[in-house]
Every structure is written in structure tokens, then in C-alpha cells.
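Working notes, structure below.
The values are calculated or read from the model by the stated rules, or taken from the named source; none is laboratory data. Quick caveat, the model's predicted, so the values are computed rather than measured. Please note: Cβ atoms are built from the backbone with ideal geometry, for glycine as well, and neighbour counts cover all protein chains shown. For accessibility, only protein heavy atoms count, side chains too; no ligands or nucleic acids. Shrake-Rupley method; radii C 1.70, N 1.55, O 1.52, S 1.80 Å.
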Amino acid sequence: MSTLWILAIAAGTLVVVVLAFYAGKLLMQLKQQKHQQQQTALEHQTALQGHDTKVLNSISIIVRAMKEEQCDLSEGCWRLCVLLGSLKTSKALELEFPAIFELYEKIKHMSILDNRKQLSKKERMSQDFARMKLEAELKVKIQVDLELLHQYSIERISMLKQ
């Protein structure tokens, strides 16, 4: 009988050792999986930050051109809104720069490029007049937003590089 107990204890011990080994192996796999997920998330975040840095550099150039009156307010606001909308790590920018987005919202339906060329002279002049009127109405507010946006882009670029 004592041999039977010894065999049962040995078999039980073997089962416990095998299960402990298997549990250890699963824990190691889980640890590796978590590490891989963290690495992937870090790479993804780095890619988003790289994208945003490029976009913010473009925004800074457009803002500078608008401040120096090398770029029409309408064209600049249009470009800025598209760029701001493509930022991956920033949200709710339309609340921070309302005048820029307001002008964009009011002109985005207007014809550009080839579509503009297809308009009659009267239609082009009508759209130009409407655009100039909107620019005049919002000019001061847009200039304030441009200063804020310039500061915002500098701060975000600095933050993203850290």
C-alpha cells in the first residue's frame, strides 16, 4: 500500500509541476504580448506625432504667409481648416480658432480650380464679391486667431518633439 501512495504522490507532484510549468509559460507569453502591444502603441503614437509635426510646420508657414498678406484670407483659412482637421493628436480646434473655421464654413461651397473656370464671369464676380465681403467682416477676428494659431503650432511642435 505504501508503494501505491508513493506513486500517487509522485504522479500528483508531476501533474502539479507540469501545470506550474504550463502556467509559467502562459504568463511569459502574456508578458511578451503586453510588451508587443505597448511597443506597437508607442510606434503608432510616434507616427501620429511625426504626422502632426509635419502638419503643424505647414500650418506655421501658411499662418506666416497670411500675416504677411502673401496669401488671401479665404485661401489661407481653407488650407488651415483642412490641415487642422488632419491633425491626429488634437481635437476641437474649431472652438479654439472660431473665426478661421467660420470663414471656411461660409466659403467651402464656392467653386475653385477647374470648377471656378467653368463659371460665367458674372458668377465668378458674384462669388469673389461674397468672399471679399466675408473676409472684410471677419478680418480682425481671423488676425487674432492667426496669432493664437501661430503660438499653438509652436507649442505643439515643441511638445511633440519631447
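Tabulated values for the structure
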{"quantity": "Out-of-range pairs (alpha-carbon distance over 23 Å; input Lys91/Lys133; Lys67/Lys161; Lys31/Lys54; Lys108/Lys141)", "calculated": "Lys91/Lys133; Lys67/Lys161; Lys31/Lys54"}
{"quantity": "Residue-normalised accessible area of the chain, given per residue in Å² at a 1.4 Å probe", "calculated": "72 Å²"}
{"quantity": "Bins of 5 Å, starting at 0 and running to the largest distance - Cα pair percent for region 28-124", "calculated": "2, 11, 15, 16, 14, 11, 9, 7, 5, 4, 3, 2, 1, 0, 0"}
{"quantity": "Peptides 81-88, 53-60 ordered by average Cβ neighbours within 10 Å, highest first", "calculated": "53-60, 81-88"}
{"quantity": "For region 41-49, Karplus couplings with θ = phi - 60° (6.51, -1.76, 1.60), whole Hz, Gly/Pro x", "calculated": "4, 5, 5, 5, 4, 5, 5, 4, 5"}
{"quantity": "Prolate/oblate/rounded label for region 71-162 (Cα gyration tensor, a/c 1.5)", "calculated": "prolate"}
{"quantity": "Candidates Leu149, Leu14, Leu48: whichever shows maximal mean-square fluctuation once the chain is modelled as a Gaussian network with Cα springs under 10 Å", "calculated": "Leu14"}
{"quantity": "Ala20 paired with Thr40, simple spin-label distance in nm, labels 7 Å along Cα-to-beta-carbon", "calculated": "3.3 nm"}
{"quantity": "Solvent-accessible area, 1.4 Å probe, carbon plus sulfur percent, for region 13-162", "calculated": "59 percent"}
{"quantity": "Spread of Cα-to-Cα distances over 5 Å intervals beginning at zero, given as percent, for the chain", "calculated": "1, 8, 13, 13, 11, 8, 7, 5, 4, 4, 4, 3, 3, 3, 3, 3, 2, 2, 1, 1, 0, 0"}
{"quantity": "Computed label-point distance, nm, for sites Leu95 and Lys141 using a 7 Å Cα→Cβ extension", "calculated": "1.7 nm"}
{"quantity": "FRET efficiency, 1/(1 + (r/R0)^6) with R0 45 Å, evaluated for Gln29 and Leu148 via beta carbons", "calculated": "0.35"}
{"quantity": "Candidates His44, His150, His35, ranked by Gaussian network fluctuation over the chain, Cα under 10 Å, top entry", "calculated": "His35"}
